[in-house]
1. Could you check the simple spin-label distance between ARG217 and VAL21, using points 7 Å along Cα→Cβ, in nm with one decimal?
2. Cross-link partners among aspartates and glutamates for LYS186, C-alpha distance below 14 Å, same-chain residues fewer than 8 apart left out?
3. Projected onto the charge dipole of the chain (+1 at Lys/Arg Cβ, -1 at Asp/Glu Cβ, origin at the Cα centre), which of PRO175, ALA222, PRO20 gives the Cα projection farthest towards the positive end?
4. To one decimal place, what orientation-averaged projected area in nm² is obtained for the convex hull of the Cα set of segment 151-289?
5. I need the helices of the chain that pass two filters: whole DSSP H segments spanning 18 Å or more by Cα along the axis, and mean Kyte-Doolittle score no lower than -0.5.
6. Give the relative contact order (percent, whole number) for segment 81-181; include only Cα pairs under 8 Å separated by 6+ residues.
7. Would you please calculate the Kirkwood hydrodynamic radius of segment 76-199 over all C-alpha pairs and express it in Å, rounded to one decimal?
8. Per residue of the chain, what 222 nm ellipticity follows from adding -39500 (n - 2.57) for every DSSP H run with n ≥ 4, rounded to the nearest 500?
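Taken together, the values in this text are just the output of simple stated rules run on the coordinates, not laboratory data. The model shown is predicted, which means the values in this text are computed figures rather than measured ones. Here the Cβ is made from the backbone with ideal geometry for all residues, glycine too, and neighbour counts use every protein chain on show.
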Amino acid sequence: MEQLSAWLTGAETIELREAPVPQPGPGELLIRIGAAVTCGTDVKVYSRGGHPRMLEVPSPFGHEVAGTVIGCGAGIENWQEGDRVVVSNSASCGRCDFCARGSENLCTDLVYLNGAFSRYLLVPARFAERGVYRIPDQLGFAAAALSEPLACVLHGIEKLDPQPGECGVLFGAGPIGLLFTAVLSKRGLEVVVADPNEPRLELASSLGASGVLAVERGSPAAEKALSMSPQAGGFDYAIDATGSPAGWLDALASVRPGGRVSLFGGCAPGTAVELDSHRVHYEELTVMGAYHHRPADFSAALELLAAGELDTDVFLSSERPLEEIEAALGDMIARRAVKVVIRPHPRG
């Protein structure tokens, strides 16, 4: 066996590196990767050459991953060789006050795991203890790897708490926006989806969006969105899934008095937007961030996928070998794919 892994070495620069396959130490697991999946965060990290929390270059790359346990370090009791697992990209300490109150995503010592775009993944002891989940028999590796972004979406929806009879608007029909659309519609909730890309809007419609709106990239879209609100004054809730200042402003401007705004998409470090303090105060707006996921969200996402309630084929547009990781990211940047499945081992 030989390790081959994709390393991010700078902005839009990836190197494929060969090395001996790592061996698991005490408490560690070695995973033979069955599938890794690209995501919008990968695109941002690839374009920017790093991430303020998740990695500094040079670094192994990729974080949505599932595979088979092929090695167990000393002290491992809950896992054995042959187990099919999905691995979370973060692990909390389990001791701080945030962990104690179930907000592990805000853990004071949250650590991240990268290296999904590889043939093998060495899972550190903390992850083996707190961030590895068994894949139900009916779920394939690629679908199981969707647990991570779906967990983020479930966390965002729980914070936003949309209610039956309410109607919301979502800006951005990328992978995360489409997952939001699918889950909200499955719960019988109305959401209008705004995006510049017509094929993405068609996907949003197929996933149950109550309405879709074509907008111009980079231009204010709130006024156009408000024309589609079923009630006067705006929507009951708004979600930004663009991760851009323009998207944040559109979301803030699209809700009516008493509305709730989820600024889900993360902007670049140092970004600032103007807030209409008069509206926030006198109209009692609720403005919230929603970051990452918790173990409870990850478990819930895996259960939702195993139940077959989401059409995972809609999100998994194509497959490529590990050697074509840059082409896969290019497909996402050009919006030729929602997400690309990376198969690091030849089938056969």
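1. Calculated label separation equals 4.2 nm.
2. GLU309, ASP311
3. So the residue furthest toward the plus end is PRO20.
4. Details: hull surface 30.5 nm².
Dividing the Cα hull surface by four gives the mean projection, 7.6 nm².
5. Numbers: long enough: 147-160 (19 Å, 0.54).
Span-like helices here: 147-160.
6. Working: 81 pairs, mean separation 28.5, N = 101.
Contact order relative to length: 28 percent.
7. Numbers: mean 1/r = 0.0591 Å⁻¹.
That comes to 16.9 Å for segment 76-199.
8. Numbers: 12 runs with 100 residues, N = 348.
That comes out to -8000 deg cm²/dmol.
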